[in-house]
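Encoded as structure tokens, the structure appears first; notes follow it.
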Amino acid sequence: MEKSGHISAFEPKDLLIGAMLRIPAQAIHHKIIQKLNAAGFNDLSLPHIAVLQYPGPDGVRPGMLAERAGMSKQAMNQLLRSLEGMGYLVRRDAIDGGRARVVRLTKRGNSAFTRIIEILREIEIEWSTELGPKEFAQLKKLLHRVWQSNLVKSPGGPDYFAR
């Protein structure tokens, strides 16, 4: 199926939508980490994307981050401990009291997250150049339509992918 990293001998109609969305997403994640490492955030690795992905972890409870990433609370807390130990975030008591905790980005965490947004904008320019501006705009329009539809609604409720 793959030859030199490219899908070969398949027509778009033969490829499943999950793979067509997953493969580009994985390539984006790898590029984000590569460029973050080159920018001096060399302690970040691919698993950290689960925490740092859009819309970001700032002000979010660890349990919600785990739901967004599709992982257990224990696995998410392990990633949060790692990022906390490297100085990217802290966990604080939630304002509404109780035992709830929320994640807060540190200055270093905000710098990394800002760089992620810049990298994503660079990737959009690359994709637009590769696909052509018209086709890239159409791709974004269609993905936005899917994003707003019932196709991606989650059992986590309407705020599942939001802050």
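Structure notes:
- Looking only at the range 1-46, and only at residues there that are modelled with pLDDT of 80 or more and among the small types (Gly, Ala, Ser), the one that is surrounded by the fewest Cβ atoms within 10 Å (Cβ to Cβ): 18
- Those residues of the range 101-135 which are of a type outside the set (D, E, K, R) and touching an Asp or Glu at 6+ places or on another chain (Cβ under 7 Å), in sequence order: 103, 105
- Summed over the range 51-90, the residues that are over 17 Å from the mean Cα position of the chain (by Cα) and β-branched (Val, Ile, Thr) give a count of 1.
- Subset of the range 120-163 (residues that are outside any helix (DSSP H, G or I) and at pLDDT below 90): 149, 153, 154, 155, 156, 157, 158, 159, 160, 161, 162, 163
- Scope the range 32-63; condition among the hydrophobic types (A, V, I, L, M, F, W, C) and touching a residue at least 24 places away in the same chain (Cβ under 8 Å); matching residues: 32, 36, 39, 41, 44, 50, 51, 52, 60
- Condition met for residue 104 (in a strand (DSSP E or B) and modelled with pLDDT of 95 or more): yes
The values are calculated or read from the model by the stated rules, or taken from the named source; none is laboratory data. All of these numbers come straight from a predicted model, not from anything done at the bench. Cβ: placed from backbone, ideal geometry, glycine included. Neighbour counts: every protein chain shown.
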